[in-house]
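Comments concern the structure below.
What follows is calculated from the coordinates using simple rules that are stated; it is not laboratory data. Keep in mind the model is a prediction, meaning the values are calculated, not measured. As a convention, Cβ positions derive from the backbone with ideal geometry for all residues, glycine included, and neighbour counts pool all protein chains shown.
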Amino acid sequence: MSLSDFVDKSQDWYARAGLRAVPQIGLDLAHSAISRVTSPFISGESVYQREWDILVVLDACRVDMYEDVVGECDSVWSVGGASPEWLTNTFESRDNSDTAYITGNPFSREYHASQFGMLDEVWQYGWDDQLGTVPPEPITDRGISVAREQAYERVILHYMQPHYPFIAEEDTIGYIDRSAFGGVGEDTNEDIWTSIKLGETTDIEKIRSAYWDNLRYVFDYVELLMENVDGTVVVTADHGNALGEFGIWGHPVGTPVPEVRRVPWDVYYCNDSREYSPKEWDTRQSTTDVKQRLADLGYVNER
């Protein structure tokens, strides 16, 4: 984040919360300074340093939540504390022609299709305006279809969950209405972590439960994927997410906090049952409003 972005954000926070925002502005400045000093010494491990055929990337998935929901797993130190950092450190300076990248993350806008064997930006056509994100279904369907074509050595599926917003179904696993935190239909799209920082949201256990439920929700689709592909499938994350550790909420770029940088690494050996027929999606681009997509996900300071 640039100095001007930091100033703009601090002014927004002060206008919104008054003196209550001052400690958080100070913490934010301290965390930013620490990250700039420590980031050159935190390289992480590229996913390409390990063996896999299909990589499932769960956005903002903590190791502890994965083990609570799915089960015990190995872990690795991520190459980034936020999606743009992970993308840059994973794909830059590498020939990615062997890789099909299927993603719900709008930060892929920084990359050209020619850098990959295939770049399938599902957020361009699979976005759900009511949910304010890309649900798991189109990414799963596209992943199964591409994997069955066997045209690429590696396939990466980048799901947006368990990242905010929390979209688990209301009648099953604790859906939290996004509008309560500045979501659909609101002029501002502040993410839940900022609301916690500024003292506007205090029911932390409710948030934690909804966050965990978002992982349960997406993992049903991950299991469907694994039942319908062949090869070594690894489930990991681009980064984790702090829940108050060292005063941090969310996942700031460059942060050295383990809850942000340590991610799952769970290996499965899969055989395609051919029992599922993926839906055909109209993959034509339906939006050019990248800024609004990022705002829906809580990236209000992306300019």
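Overview of values
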read-out	value
Distance between region 222-288 and region 63-134 - C-alpha centres, whole angstrom	8
Peptides ranked, highest mean first, by Cβ atoms within 10 Å: ranges 83-89, 158-164	158-164, 83-89
